[in-house]
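The values are calculated or read from the model by the stated rules, or taken from the named source; none is laboratory data. All of these numbers come straight from a predicted model, not from anything done at the bench. Don't worry about glycine lacking a Cβ; one is built from the backbone with ideal geometry, like all the others, and counts go over all protein chains shown. For accessibility, only protein heavy atoms count, side chains too; no ligands or nucleic acids. Shrake-Rupley method; radii C 1.70, N 1.55, O 1.52, S 1.80 Å.
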Amino acid sequence: MTQTAAVMPAPEAPLEVWELDDPVLQPGDVWLEIVASEVCGTDVHLHHGRLAGVPYPIIPGHVSVGRVRETRGVEVDAVGRPLGRGDLVTFYDVVGTCHRCYYCAVAGQPTLCPHRRVYGITFGAAEGLRGGWAESIHLRADTSVFRLPDGLEVDDVIGGGCGLFTGFGAVERARPRPGSTVVVQGSGPVGLSAAAFARLAGAGELFVLGDPEPRLELARRLGADRTFSVSGSDPAERAAAVRDATGGRGADVVIEASGNPAAVPEGFSLLRPGGTYVIAGHYTDAGPVEINPHLDINRKHADVRGRWGTELGHVARSLALLARHRLPFADVIGGRYGLEAAGEALADVEALRVTKAIIAPG
Ligand SMILES: [Zn+2]
Ligand SMILES: [Zn+2]
């Protein structure tokens, strides 16, 4: 038997639909029927060849939700809940973290482990069903699978997609204190998630700067107090609003989730002295930008942090919050596409015609 998959043959090449052999399960493996996989900005970057070390042709699709079709001896999920055939699950898309290298074992920073591999990104189609844009995906024994918490639907999770976990990780890196004024730059999936989790983390006044308006509307529904269209407002106007809300000091925390280098100088300008600035939106190299080390960092006593990759705990804990608070991420979904329309989905995401596109093979 075979499984149908959407394949990205090479950078800039049109997507193709392939048939791949059913997997041969090893002990500990899980075989999922895919219910929905997301199309995110990373997939657009993959299509343009902007990530290094990608073994094209690939089956894209990292964060996905599926139904357990078969396991080889797996009876509980990553947090100990019973797991069986037919259960709806998602999974941490990273495998291979070694727990022995310098970054894992000494520095305690496993997202920097050089042995990490990511479904849908660093597995070639030659290795089988290792991406979510397919009828099914073959998960290795070292994959952390999470049964969807009771009350959560497929769309609640996949509407947030990988941005859910990245945004959660960015907020955790920023560590806003209860009552902190927070500015989120960017209103894509990562920015929306950062806004939602900053709200739950106790943000006081919460600003989101982004585009287009439907995304800003979602940001307000997820907890933003004030939103500004970046194209429709002046930087001076945004700066004045943040100053007015903070006695002229600036925001305690700024989280960059836009991927636009031009956001960074503005982010520094909105940050109060001694504040924390987390840069989470530059997953690929969008180029340099000018900052003033004296004014922006040194004299400002700024705490500037990067956020690379997500940790297992971000997945577990963001799902728990999602279930507890029923955040309306399902509403972020703007379009559903079959496997044969994966190229169209990519084009719609790239053109910002939809905030979150879903590949639904069924
Ligand atoms: Zn390691
Ligand atoms: Zn992604």
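For the reader, a short list of remarks on this structure follows.
- Angle between the chain longest axis and helix 161-174 axis [Cα atoms, degrees, rounded to 10]: 40
- Eigen-decomposition of the gyration tensor built on the alpha-carbon atoms of segment 152-310 gives equivalent ellipsoid semi-axes of 23, 17, 15 angstrom, largest listed first.
- Percent accessible area from carbon and sulfur atoms, segment 267-362, protein chains only, probe 1.4 Å: 50
- Value of Rg to Rh for segment 302-342, rounded to two decimals, is 1.15; Kirkwood radius and Rg both from alpha-carbon coordinates.
- Three principal axis extents describe the C-alpha atoms of segment 105-211; from largest down they are 49, 38, 30 Å.
- Nearest-ten-degree value, helix 235-245 long axis tilted from longest Cα axis of the chain: 80
- For the chain, alpha-carbon Rg over 2.2 N^0.38 Å: 0.98
- A 1.4 Å probe run over segment 262-312, with the rest of the protein chains in place, finds 55 Å² accessible per residue.
- Under DSSP loop assignment and at most 11 Cβ neighbours within 10 Å, longest GluC sites (Glu not before Pro)-free interval of the chain: 76-289
- The sum of -39500 (n - 2.57) across all DSSP H runs of n ≥ 4, divided by the residue count of the chain, sets its helix-only mean residue ellipticity at 222 nm to -7000 deg cm²/dmol.
- Cα-derived Rg over Rh, computed across segment 207-281 with Rh taken as Kirkwood radius: 0.93
- Computed over protein heavy atoms with a 1.4 angstrom probe, the accessible surface ordering of 215, 221, largest first, is 221, 215.
- Within segment 281-362, the ratio Rg/Rh, alpha carbon atoms throughout and Rh by Kirkwood, equals 1.12.
- In the chain, the longest principal axis of the Cα atoms and the axis of helix 312-325 are about 80 degrees apart.
- Candidates 125, 240, 201, ranked by Gaussian network fluctuation over the chain, Cα under 10 Å, top entry: 240
- With Cα atoms as the point set, the radius of gyration and Dmax of segment 124-174 evaluate to 13.9, 39 Å.
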